[in-house]
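The values are calculated or read from the model by the stated rules, or taken from the named source; none is laboratory data. Fair warning: this is a prediction, and the values are worked out from it, not measured in the lab. Backbone-built Cβ (ideal geometry, glycine too); neighbour counts: all protein chains shown. Please note that ligands, DNA and RNA were not included when accessible areas were found on the heavy atoms of the full protein model with its side chains. Shrake-Rupley method; radii C 1.70, N 1.55, O 1.52, S 1.80 Å.
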Amino acid sequence: MNKPSRVFVPGPVIVGAGPSGLAVAACLKEKGVLSMVVERSSCIASLWQLKTYDRLRLHLPKQFCELPLMRFPSEFPTYPTKQQFLHYLESYAQKFEIGPRFNETVSQAEYDKVNGFWRVKTVGKKLEETEYVCRWLVVATGENAEAVVPEIDGMGEFGGDIKHTSYYKSGKEFTGKKVLVVGCGNSGMEVCLDLCDFSAKPSLVVRDTVHVLPREMLGQSTFGLSMWLLKWLPVRLVDRFLLIVSRLMLGDTARFGLDRPELGPIELKNLSGKTPVLDVGTLAKIKSGDIKICPEIKKLKRHTVEFIEGKTENFDAIILATGYKSNVPSWLKEGDMFSEKDGFPRRPFPNGWKG
């Protein structure tokens, strides 16, 4: 192995060129602080560009998704498409002249207490190593860095297509096929809807309780209304209001196999990070029977799924809408601030590490 080249960076090193990394770089630049952004992929916002399905739109209204210092174009709809959001991010990077160093994967970042510097080691496309030495480090790799792929008994025997949603683009390739979607979060729900649009026959595995809320209520976005109410009312009261209105608009979701958690949607999000599902039309397809609800999988056989209650059913393909996780614990050697289990800060903002 060649000795890694060493680069001294006068400002912060920002790991990740997604929306958060770009926003930090732009804000620092406005204050006259230059930074260096390193990104493992070949483009900005790689999760959006490379690992999302075609029909994706922002689930929240655009005013809640804008980056600092630059508005969305006025002609953009309330819920911009994937392509519009990417255009906005590209324009943002150009406006603030943010030029990330692409195809550089951080293998290790460690604080040198003796010299008071961070040592950030990266590996390039041709396995070349670089060590960046800097006084400040910004972790902007997001909580969706690595796909979570569960081990299901019999995966090797199934014989049909099994893919994570990060590889799913549209339902076009599944027209006329029976598809089992595992996971009932926003992605799983929307993939089922997309499959219906392409005349596939989707079923949805629901292992846990889930809050399904209408995307809009009382003429406002559910998210925006919630944020406004939280200025005046306690969380539990806002949750109660959301659930009452949801019941009036959507009916009792438990009747269709979607039991709600005991905690309200906002309280659950604050405590566990579990996001409620904002319905964009999937629930109507579940009510009509176009999307079937299934229990947890026990094991797979040749084009067959056996569920925990003993029933078996044939499927052509399985799509894993099983989410993502942070990859911070694999490279950031900083046990005091970050949990080695999930990569999140041990103490809530703003009481984190001040090194």
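Descriptive notes on the structure:
- Unique residue being among the basic types (Lys, Arg) and in contact with a helix residue (DSSP H, G or I) (Cβ under 7 Å, 6 or more places away or on another chain) when the list is ARG215, ARG240: ARG215
- Residue list for the stretch 265-297, filter: under 16 Å from THR209 (Cβ atoms) and touching a His at 6+ places or on another chain (Cβ under 8 Å): PRO265, LEU268, PRO276, VAL277
Conditions tested, residue by residue: (1) among the hydrophobic types (A, V, I, L, M, F, W, C); (2) touching a Pro at 6+ places or on another chain (Cβ under 6 Å).
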site: LYS298; (1), (2): no, no
site: GLU309; (1), (2): no, yes
site: VAL328; (1), (2): yes, no
site: LYS333; (1), (2): no, no
site: ARG347; (1), (2): no, no
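- Sub-9 Å Cβ pairs linking a first residue in the stretch 274-298 that is more than 14 Å from GLY185 (Cα to Cα) to a second residue that is of a type in the set (Gly, Ala, Ser) and open to solvent by 20 Å² or more (accessible area, probe 1.4 Å), at least 6 apart or interchain, are ILE286/GLY257; LYS287/GLY251; ASP290/ALA284; LYS292/GLY257; CYS294/GLY257; PRO295/GLY257; LYS298/GLY310, ordered by first then second residue.
- Members of the stretch 282-338 found to be of a type in the set (Gly, Ala, Ser), touching a Phe, Trp or Tyr at 6+ places or on another chain (Cβ under 8 Å) and not in a strand (DSSP E or B), listed by number: SER326
- Residue within the stretch 207-224 that is more than 22 Å from PRO150 (Cβ to Cβ), among the small types (Gly, Ala, Ser), surrounded by fewer than 20 Cβ atoms within 10 Å (Cβ to Cβ) and modelled with pLDDT under 95 present: yes
- If you go through the stretch 40-86 and keep only what is loosely packed, with under 15 Cβ neighbours inside 10 Å and at positive phi, you end up with just LEU69.
- Residues of the stretch 145-156 include at least one that is under 20 Å from the mean Cα position of the chain (by Cα), farther than 30 Å from LYS301 by Cα and among the aliphatic types (A, V, I, L, M).
- The combined condition, being among the hydrophobic types (A, V, I, L, M, F, W, C), touching a Cys at 6+ places or on another chain (Cβ under 7 Å) and more than 25 Å from LYS285 (Cβ to Cβ), is fulfilled by TRP118.
- Flag for GLU306 being at pLDDT 90 or above, open to solvent by less than 40 Å² (accessible area, probe 1.4 Å), out of contact with any His (no Cβ under 7 Å at 6 or more places or on another chain) and over 13 Å from VAL210 (Cβ atoms): yes
- When each of PHE174, PHE198, PHE256 is tested for being touching a helix residue (DSSP H, G or I) at 6+ places or on another chain (Cβ under 8 Å) and surrounded by fewer than 17 Cβ atoms within 10 Å (Cβ to Cβ), the lone residue that passes is PHE198.
- Residues (open to solvent by 50 Å² or more (accessible area, probe 1.4 Å) and under 16 Å from LEU332 (Cβ atoms)) located in the stretch 140-170: GLU143, GLU146
- Scanning the stretch 121-143 for residues that are in contact (Cβ under 8 Å) with a residue 60 or more places away in the chain and either acidic (Asp, Glu) or in a loop (DSSP other than H, G, I, E, B) (or both) yields GLU128, GLU129, GLU131, ARG135, TRP136, ALA140, THR141, GLY142, GLU143.
- Taking first residues from the stretch 144-161 that are of a type in the set (Val, Ile, Thr) and partners that are open to solvent by 50 Å² or more (accessible area, probe 1.4 Å), the Cβ contacts under 8 Å between residues at least 6 apart in sequence or on separate chains come to VAL148/TYR324; VAL148/LYS325; ILE152/LYS299.
- Residue match in the stretch 334-350 (condition: among the polar types (S, T, N, Q), open to solvent by less than 20 Å² (accessible area, probe 1.4 Å), under 24 Å from the mean Cα position of the chain (by Cα) and within 23 Å of THR275 (Cβ to Cβ)): no
- Residue within the stretch 105-127 that is open to solvent by less than 50 Å² (accessible area, probe 1.4 Å), at pLDDT 95 or above and within 22 Å of the chain's Cα centre (by Cα) present: yes
- Test: ILE244 is buried (at least 16 other Cβ atoms within 10 Å of the Cβ), at pLDDT 95 or above and either of a type outside the set (A, V, I, L, M, F, W, C) or part of a helix (DSSP H, G or I) (or both): no
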